[in-house]
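Down below is the structure, laid out as structure tokens.
The values are calculated or read from the model by the stated rules, or taken from the named source; none is laboratory data. Nothing here was measured: the structure is a model prediction, and the numbers come from that model. For neighbour counting, all protein chains shown are included, and Cβ atoms are generated from backbone atoms with ideal geometry for every residue, glycine included. Remember, those area values only see protein heavy atoms, side chains included, never the ligands or the DNA or RNA. Shrake-Rupley method; radii C 1.70, N 1.55, O 1.52, S 1.80 Å.
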Amino acid sequence: MIYDVLKTGSKGNAVVIENKILIDCGVPFRALRKKADALQLVMLTHIHGDHFKSGTIRKLGSERPTLRFACGEWLEENLKDCGIKSRNIDIMQMDKWYDYGRFQVSPFPLSHDVLNCGWRIKIGNEKLFYATDTGTLSGISAKDYDLYMIECNYEDEEIRQRIMDKQVAGEYAYELRAREQHLSKAQCDEFIYNNIGGNGKYIYLHQHKERE
């Protein structure tokens, strides 16, 4: 499966799959310029600006008037505010599969401080699992997928030390929120270990130490 992680982390997120699918749109349009003409579907997760950049979405919709946007119902009005026509928006139910001919997609709910989803994608005989900005993957499985793209936000021991240091100094520890709303490397690795098959590959996403 061909993939291009254009950017990942709190400064922006955008991943292109098989030159046809864009997952998340949290980067300036110039980062997508060379990819835009070939895109068939933009799959969005949640409203945070590092995943949903309104100006870029507006520009994509203007330059590609037939481009389709897939999302949960919570992003419909935000897309309309960006000038995307209702006829170009595919509102999807969680855990249901949708057929786009050469590929199929299915969203699943994730735990964050706003409504959020991950994505499963089937392209031919290959399967992709994408999940970022979530406090847990409990209750979710993706056995024997070909590619896992999963948030790996922090190391447990490191974030505990940073929280302790800030508390001792009387400072606000934003890491407390990160620990609740984002996936640790240990959680990410456990999910991969419990699901990956012999030929599977994985990519760590959202590896950063910056304030969210």
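With every protein chain in place and a 1.4 angstrom probe, the accessible-area ranking of W74, W119, largest first, reads W74, W119.
For the chain, the longest principal axis of the Cα atoms and the long axis of helix 185-195 meet at an angle of about 60 degrees. Could you pull out which residues in the range 120-144 have an amide N less than 12 Å from a spot 7 Å beyond the Cα of S54, following the Cα-Cβ vector? Under 12 Å, as judged by backbone N against the label point of S54, lies no residue of the range 120-144. Summing Lys and Arg as +1 and Asp and Glu as -1 over all other residues whose Cβ lies under 13 Å from the Cβ of N78 gives a net charge of -1. Taking the longest Cα principal axis of the chain as reference, the axis of helix 54-63 is set at about 20 degrees.
With an a/c value of 1.5 or above and a/b not larger than b/c for the gyration tensor axes a ≥ b ≥ c computed over the alpha-carbon atoms, the range 44-163 is described as oblate.
Taking label positions 7 Å along the Cα-Cβ direction at both Q104 and N125, the computed distance is 1.6 nm, reported to one decimal.
Of the listed residues K34, K122, the order by accessible area with a 1.4 Å probe, largest first, is K34, K122.
Between D144 and K96, how high is the FRET efficiency from 1/(1 + (r/R0)^6) when r is the Cβ-Cβ distance and R₀ = 22 Å? Nearest 0.05. Walk me through the numbers on the way to the answer.
Numbers: r = 21 Å, r/R0 = 0.95.
That gives a FRET efficiency of 0.55.
Close amide H contacts of L110 (hydrogens built in the peptide plane, cut-off under 5 Å, sequence separation of 5 or more or a different chain): N116, C117, G118.
Legend: calculated FRET efficiency, T66 to K201, from the Cβ-Cβ distance at R0 = 30 Å, rounded to 0.05, equals 0.40.
Left without a cysteine partner by the 4.7 Å Cβ rule in the chain: C25, C71, C82, C117. Label-to-label distance for K20 and R33 is 2.7 nm, based on points extended 7 Å past Cα in the beta-carbon direction.
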